[in-house]
Each structure stands twice: as C-alpha cells, then as structure tokens.
Amino acid sequence: GAVVSQHPSRVICKSGTSVKIECRSLDFQATTMFWYRQFPKKSLMLMATSNEGSKATYEQGVEKDKFLINHASLTLSTLTVTSAHPEDSSFYICSAREPNGPQETQYFGPGTRLLVL
Amino acid sequence: GNSVTQMEGPVTLSEEAFLTINCTYTATGYPSLFWYVQYPGEGLQLLLKATKADDKGSNKGFEATYRKETTSFHLEKGSVQVSDSAVYFCALTANTGGFKTIFGAGTRLFVKA
C-alpha cells in the first residue's frame, strides 16, 4: 500500500519555541492531507484538512495561528506549532489521500511525538 | 452529526481466546467503515474496511461485517495472539461529512501468554 512518512518521529523543545513537523507521501501524490492530534490513551482528533495549493481548513476550536499548515507540494504538508507550550505536548499524526483512490481511503504516517518543556 | 461508539477497554484475554470488540455508528448517508490498529508508539495501520452494507472486511484473522440494520461493525478474531496486543479504533468516513474520518475512542487489548 501507499506509504506516508513523518519527520521527526519525536521532538523535545523549550516552551516558546516553534516546531515544524513534515508529512510526506512517498509513492503517490496527495492533493489532500489531514492532521490529527492524539492525547494519551485517547482517540484521534482531526485538527485540519490540508489541500495542496490552498489554505487549510481547520476544525472548530483549533487555532489556525498556532498550528500553521502549509501544503506546498503534492507530496509534502507541514505543521508548525508556533510558540509551543507544555499543553501542546501530544502525538501528532498525518494522513494522506490518493487523488485517484477511493475517497474514503487514507494512509497514515507513523506519528510525531512532541514534548514541550 | 456522525459518530462512532466502541466498547471501553482495556480488554484482557489469554492467548487463543476469542475476541469481540463492539462498534456502533451514527451517520447520515452511506458511510464506509474501518478498523485501525495502533501498536505502542506507532501510528495507525488500516486493519480492515467495508464500504457497503453486508460487506465483510477481513485481514490477519480479524473480521468485521457491516450491519446497516443494527448500525454496527463489530471486530472479531477467533484466536488472539500476544502480538495482537494494541489499541483498536473503529472509524467511519461519510460523504455527508466531507469524507472526514470520525474515530471511536479506541479499545486497548492486552493478550497474555
């Protein structure tokens, strides 16, 4: 199946700094990518839908100025957590949808664990 | 709105026991249904899916049948192994929801040797 990678796999940063997480589709072009956040022992919460060449669509309650999403190419979307605080510590997972595949099918990255000190 | 409800865990079983994890859903339209598995420290992997009523998804000994009449998609496996220990998420994607995926809360499974 299709492969999605994330980088870095884990990151520790100081409070107040910004962190960028990359999501890449390795063997297909993804016009749509999704960013999720997972709290410990909880389910995934959709943060935003990232569309190549246009602005991301954020879910209700997600601060777009804090979680900056850029989908600059058909194989790369980035999530930047700006001015990170300890409460931003979480597991961030991206997924990508093949443009010619079934609409309901998405492929998940391995996740990025963020710890803000 | 669309939603998924799955049984709370954790579920603890002995090796070779029978597994059932219940999942029910609420959705308008005709959703596709999924089971994902998450091993410790990893992202999600698609385990199986079903896209229309009465379809049965199966993979690695796991199976689930899309039951429209009971709005359910229960996950079953006849004989679990220690390596099946993970968190299992039931999910749906519906065109009425813009093809966004809605996840259940997840059920943690522990299998003892």
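The values are calculated or read from the model by the stated rules, or taken from the named source; none is laboratory data. Fair warning: this is a prediction, and the values are worked out from it, not measured in the lab. So basically every Cβ, Gly included, is an ideal-geometry build from the backbone, and we count neighbours across all protein chains shown.
The rows are residues; the columns are (1) part of a helix (DSSP H, G or I); (2) over 23 Å from B:E42 (Cβ atoms); (3) more than 13 Å from chain A (Cβ to nearest Cβ); (4) at pLDDT below 95.
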site	(1), (2), (3), (4)
B:V80	no, no, yes, no
B:C90	no, no, no, no
B:I102	no, no, no, yes
B:V111	no, no, yes, no
List, please: which pairs have Cβ atoms under 6 Å, are six or more places apart or on different chains, and start with a residue in segment A:43-70 that is more than 14 Å from chain B (Cβ to nearest Cβ) and end with one that is of a type in the set (F, W, Y)? A:K64/A:Y58
How many residues are within 7 Å of chain B (Cβ to nearest Cβ) and more than 17 Å from the chain's Cα centre (by Cα) when one looks only at segment A:94-117? 2
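For segment B:18-40, which residues satisfy the criterion of being assigned to a loop (DSSP other than H, G, I, E, B), in contact with a strand residue (DSSP E or B) (Cβ under 8 Å, 6 or more places away or on another chain) and surrounded by fewer than 22 Cβ atoms within 10 Å (Cβ to Cβ)? Give the steps one after another, and end with the answer.
To start, the set of residues in segment B:18-40 that are assigned to a loop (DSSP other than H, G, I, E, B) comprises B:18, B:22, B:27-31, B:39-40.
In the following step, the residues that additionally are in contact with a strand residue (DSSP E or B) (Cβ under 8 Å, 6 or more places away or on another chain) were identified as B:18, B:22, B:27, B:31, B:39-40.
Residues satisfying the conditions are B:F18, B:N22, B:A27, B:Y39, B:P40.
Quick check on segment B:1-17: of everything there that is in a loop (DSSP other than H, G, I, E, B) and either over 22 Å from A:G111 (Cβ atoms) or modelled with pLDDT under 90 (or both), which residue is farthest from the other protein chains (Cβ to nearest Cβ)?
Taking segment B:1-17 and keeping what is in a loop (DSSP other than H, G, I, E, B), we get B:1-2, B:7-10, B:15-17.
Now restrict to residues that are either over 22 Å from A:G111 (Cβ atoms) or modelled with pLDDT under 90 (or both): B:1-2, B:7-9, B:15-17.
On the way: B:G1: 11, B:N2: 12, B:M7: 13, B:E8: 11, B:G9: 9, B:E15: 24, B:E16: 27, B:A17: 23 Å.
Per the criteria, the residue is B:E16.
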Please count how many residues of segment A:6-42 are surrounded by 17 or more Cβ atoms within 10 Å (Cβ to Cβ) and at the interface with another protein chain (Cβ under 10 Å from one of its Cβ atoms). 5
